[in-house]
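Only the coordinates and a few stated rules stand behind these numbers; no lab work does. Quick caveat: nothing in here was measured; it's all calculated off a predicted structure. As a convention, Cβ positions derive from the backbone with ideal geometry for all residues, glycine included, and neighbour counts pool all protein chains shown.
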Amino acid sequence: MIYNIPYIAVIILIVVGLYAVVFKRNIIKMVMGITIIESGVNLFLVTLGYRAGGVAPIFTNLPEERQIPGQLVLPIPQALTLTSIVIGVAVLALMLALTIQIYRQYKTLDVTKIRRLKE
Amino acid sequence: MNSIITHSPALLIAIPLFAAFITPLLSRIHRRARDGFVLIVLAATELLALLLAQDIYANGIRKYVFGATLPSLTHPGTMSIPVRIIFEIDGLSIFMVLISLTIAFVATVYSSSFFKKEDGLDRYYTLLLLVTVGMVGMELTGDLFNFFVFLEITSIASCALIAFWVDRGESLEAAFKYIVISSIGALFVLMAIGFLYGQYDALNIAALANSIQFTFIDKVALVLLLAALTMKAGIAPMHMWLPDAYGEAPPSVTIAVVAATQASLYGVLRVCFTLYGKGLRLNMAAVGWTLVGLGLLTIFIGVTMALVQRSLTRTIAFAAVGEIGYMVIGAGTALAAGAQNFATVALKGGVFHIFNDVLDIGLLFLVAGAIIYATKERDLNNLGGLAKRMKYTTVFFLIGLLAVAGMPPLNGFASKILIYESTYQLNPIISIIAILSSILLLAIFVKIFYSLFLGPELPHLRDVKEVPKGMLVAMAILATLIIIFGLFPGYVLQTIVDPAVAALSNPTNYINAILGGA
Amino acid sequence: MDETSKIIKTVSSVMFPFVTIYGLYVILHGHLTPGGGFQGGAIVASGCALLVVAFGSDAIAKRVKESQLSLLESIGALGFISLAFVGIATTFFYNSLAGTKFLFGRIPPYGSNPGYLSSGGLLPLMNLAVGTKVIAGLFAIVLILAIATRKKGGRSK
């Protein structure tokens, strides 16, 4: 049961993030909601690689008596998570730059007031 | 020559990427040098893609392993699973690569004379080359996580391009909507990749396709992948970002985003036909019927919303939404029909329509851009009687209009007749709705043509001139391709579309090319 | 008050070299310990962000121009792609410096050992290229966002 707690945390993070994107009116809160969803998905990817009783997957630092690759935590999900974090940083920078330009144009951060493109 | 073709999958990505980061350094010299450099790079890449296409049509699937000692060494040593990132190129991939590179070249030709007085243009060309790299990478790769990375590159770069005119509030709103929706979609794709990796410990598409077993988690992953990729492809009811993004971006950016949308549609086809290909005859009929239903909804929404628009680019954008529905009902019919022989015809129609739609809608957007450049007006009520002053633009708009509506002898007719024939045999109502929507599109665009070009000349439009030569050359390239595809559809179908459809219908070829027939 | 106090300015000026050295250490040892290009670059960029917060974006913008950062970023990206082209005779991204007598060419012994810096072939050079690009890129992002949200005006670029 204790090994399922990270997965429950993933579901809670994604639900909280979706709630923030859908129901909040401030643009900055929507941007934060997307960052929370991204944190949830990254947590999911890292937790996939866990093997009970394993050590960090650094090949030249293993203690002498462990067998290879029996008790290593999987390294591929760590690489996937790293790439995803970098992409998240780029998307966050882009969204914040767009927010600054929107504020300069409309002088408000309320999403319901910037909707000039109807239908 | 042979070694160039062997390394061409890597070179197709590397050369535009290299050029994308040299462009800011070149623009300090002279802006003409930068324009010419980007044109030369894109032309060279297109030539390389044509050479590679010839080789694939002759010799079958080609694979390229990054970082190995041989480009085809998928299993080094005694491994039984493929290691490293592998690019796998079959008929469908090279078909989409040709589409993407053609559109990127035309967009560069157009934008070299559309933007006269703006600054920030060196970043514009960097971003345009990055969109090209992202699209080509999405279409060439055989690794699921690599597909996600290129998907994100494309969406970030195209969002920055959509917001290029930062002093218009509508462009910023459209770009913000686009980036929120597309990043949530991409995160769902990443979750589905996590599900599949956790089940089968493989990220390679061929290795996954070999071991997929349709458990409950696999079905959840399929739903997540399809939902996110159809959202990026602009299929109803997730199409909301598309009219805003197409309507408010600069026109050359719009055709690049159209090509990126078709690359996401390629992702839908790849997931349905190859990744879950083992259940192609058994389990995918439900998915096929869902796609047909969504496609009909898309056609209906696209065409009816196009009736009530007042802005020229938004009308064409809703017509583009409707056209995507045609491709989706073609693909859905092929899935739902199973082993009957009209499934192949439906798939041929759908795949051919991808190329035709990009050309037609691209030409219409370029014409709309020319009108905005010449008259600085966007509203249809303030434009009229332009045919006396802008003769070439009128002819191009006429060609684009007839092609979109599916009139013979242009290329829209060739693909739409295949779709009508095959969907009629699945269920006649689908075909009837598709034909009626086509006629409605013709009516809408004839009305726009009449009100824009014919009729009396409005007083504030007395001194518009014809647009500069670069834009005319770009529109002429697209119009020539439309006419050629329309006059010789059989030749085009045989050479380009048939290998793509054969690659989709036989997922075992894809799997055996990597796993060595084991 | 608009200026930060003298304590903050002094302490950030003292901390900045240490943070930079630590970040460069993480970049350079990317093939031995956890870290690498992006992680180390983000550490150095957060040190630069510390300077922007302490001294204000006007003072930093007078010394560092945005075009210099853009040039550094392009150099980092070009360096990465050129390094990938080095092994094109075999395949793209082939590690052709491992096992030779060049800078990082030694092959480390098998099994548990403390780690040798001069191993790994092309990988530490690629880490350096990515680290340069990340430093320049993240510093440019922080600086431009700080300039654009100034209380009075801000550049309209």
*With a Förster radius of 35 Å, plug the Cβ-Cβ distance of A:I5 and A:I58 into 1/(1 + (r/R0)^6) and report the FRET value to the nearest 0.05.*
0.85
*Using every alpha carbon pair in the protein assembly as shown, what percent of pairs falls into each 10 Å bin from 0 up to the bin containing the largest distance?*
2, 13, 23, 26, 20, 10, 4, 1, 0, 0
_HN-Hα J in Hz across segment B:313-324 - Karplus 6.51, -1.76, 1.60, θ = phi - 60°, x for Gly and Pro_ = 5, 5, 5, 5, 5, 5, 5, 5, 4, x, 5, 5
*Between B:R168 and A:R51, take the C-beta separation as r, use R0 = 60 Å, and let me know the FRET efficiency to the nearest 0.05.*
0.65
_A 19 angstrom limit on the alpha carbon distance is what I want to check against. Which of A:K24/A:K113; A:K29/C:K133; A:K29/B:K232 exceed it?_
A:K29/C:K133; A:K29/B:K232
*Rg/Rh for segment B:256-400: what does it come to with C-alpha atoms and Rh from Kirkwood?*
1.09
_Intensity falloff of segment B:395-518 expressed as log10 I(q)/I(0), Debye formula with alpha-carbon point scatterers, at q = 0.21, 0.23 Å⁻¹_ = -1.23, -1.30
*Using the number of other C-beta atoms within 10 angstrom as an exposure proxy, rank B:M1, B:M471, B:M240 with the fewest first.*
B:M1, B:M240, B:M471
*Got a sec to turn the phi values of segment A:12-21 into Karplus ³J(HN,Hα) couplings, 6.51 cos²θ - 1.76 cosθ + 1.60 with θ = phi - 60°, whole Hz, x for Gly and Pro?*
5, 4, 5, 5, 4, x, 5, 4, 5, 6
*What whole number of Å gives the distance from the Cα centroid of segment B:482-518 to the Cα centroid of segment B:388-429?*
23 Å
_Cα→Cβ-extended label distance, 7 Å offset, between B:K469 and C:Y25, nm_ = 6.3 nm
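Take the alpha-carbon positions of segment B:37-119, form their convex hull, and give its projected area averaged over all directions (one quarter of the hull surface) in nm².
With every direction weighted equally, the projected area is 7.8 nm².
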_Between A:T108 and B:F488, what is the label-point separation in nm under the 7 Å Cα-to-beta-carbon projection?_
5.9 nm
*Across segment B:284-487, how many lysine pairs, 8 or more apart or on two chains, come within less than 14 Å at their alpha-carbon atoms?*
5
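Rg to Rh for chain B: what is it, with Cα atoms only and Rh by Kirkwood?
0.96
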*Could you grab the relative contact order for chain B? Cα pairs under 8 Å, six or more apart, rounded to a whole percent.*
16 percent
*CD proxy at 222 nm, helix term only [per DSSP H run n ≥ 4: -39500 (n - 2.57); per residue of chain B; nearest 500]*: -25000 deg cm²/dmol
*Once the principal axes of the Cα atoms of chain A are found, what is the range along each, listed largest first in whole angstroms?*
66, 31, 21
_Sort B:E139, C:E66 by Cβ crowding within 10 Å, fewest neighbours at the top._
C:E66, B:E139
*Estimate the FRET efficiency between B:R32 and B:R310 by the formula 1/(1 + (r/R0)^6), using the beta-carbon distance for r and 56 Å for R0, to the nearest 0.05.*
0.90
*Starting from the Cα-Cα distance between B:L461 and B:T480, subtract it from 0.36 nm times their residue separation and give me the gain in nm to one decimal.*
3.9 nm
*So what's the angle, to the nearest 10 degrees on a 0 to 90 scale, between helix B:469-487 and the longest Cα principal axis of chain B?*
60 degrees
*How many percent of all Cα-Cα pairs in segment B:284-487 sit more than 30 Å apart?*
25 percent
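Kindly give the semi-axes, whole Å and largest first, of the ellipsoid equivalent to segment C:6-148, taking each as the square root of 5 times a Cα gyration tensor eigenvalue.
The three semi-axes for segment C:6-148 are 34, 19, 9 Å.
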*Rg/Rg_globular for segment B:135-223, with Rg_globular taken as 2.2 N^0.38 Å and Rg from C-alpha atoms*: 1.34
*Any idea what angle helix B:169-200 forms with the longest principal axis of chain B, computed on alpha-carbon atoms, 0 to 90 degrees, nearest 10?*
10 degrees
*Residue by residue through segment B:337-344, which ³J(HN,Hα) values in whole Hz follow from phi under the Karplus form 6.51 cos²θ - 1.76 cosθ + 1.60 (θ = phi - 60°), with glycine and proline marked x?*
7, x, 9, 6, 7, 7, 5, 5
